[in-house]
1. Assuming R0 = 35 Å, what is the FRET efficiency of Tyr42 and Ile80, from their Cβ-Cβ distance, to the nearest 0.05?
2. Would you indicate which of (i) 23, 20, 13; (ii) 22, 15, 12; (iii) 29, 18, 12 is the value of semi-axes √(5λ) of the Cα gyration tensor in Å derived from the coordinates of this structure?
3. Enter the Cα centre distance for the pair the stretch 9-38 and the stretch 39-55, rounded to the nearest angstrom.
4. For a Förster distance of 30 Å, can you work out the FRET efficiency between the beta-carbons of Tyr25 and Asn89, rounded to the nearest 0.05?
Amino acid sequence: MYSSYIYILECSDGTYYTGVTENVYKRFDEHQEGKHFGSYTYNRRPVQLVYYCHFMDMEQAITFEKKIKKWSQAKKLALIEGRYKDLPNLAKKNFQKKDKL
């Protein structure tokens, strides 16, 4: 088992990038320096590290990363801001019931 981190970067265009790594600060520097041409963050620099979470199991980190990538901007922001009680409500869809004529 390898220790790992999931992390969220806020890009210069206001979008979020979520990733997983064994060394969060080294990986942040790679994003900031544009080490990987053509990557999502390359043309959205500068980026800011806004959230990270440590995992003792890489597989668990990857599983959580995949979940976060599917979340809305609002739900990611709640996680970043530590508003954990808001996360379940942000996962629910608000469907309006149409009256039948």
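1. Numbers: r = 22 Å, r/R0 = 0.63.
Calculated transfer efficiency: 0.95.
2. Computing semi-axes √(5λ) of the Cα gyration tensor in Å and matching it to (i) 23, 20, 13; (ii) 22, 15, 12; (iii) 29, 18, 12 gives (iii).
3. One Cα centre to the other: 3 Å.
4. On the way: r = 33 Å, r/R0 = 1.10.
With a Förster radius of 30 Å, E is 0.35.
Every number here is computed from the coordinates shown, using simple stated rules; none is lab data. Quick caveat: nothing in here was measured; it's all calculated off a predicted structure. Because the Cβ atoms are built from the backbone with ideal geometry, glycine has one as well, and the counts that use them run over all protein chains shown.
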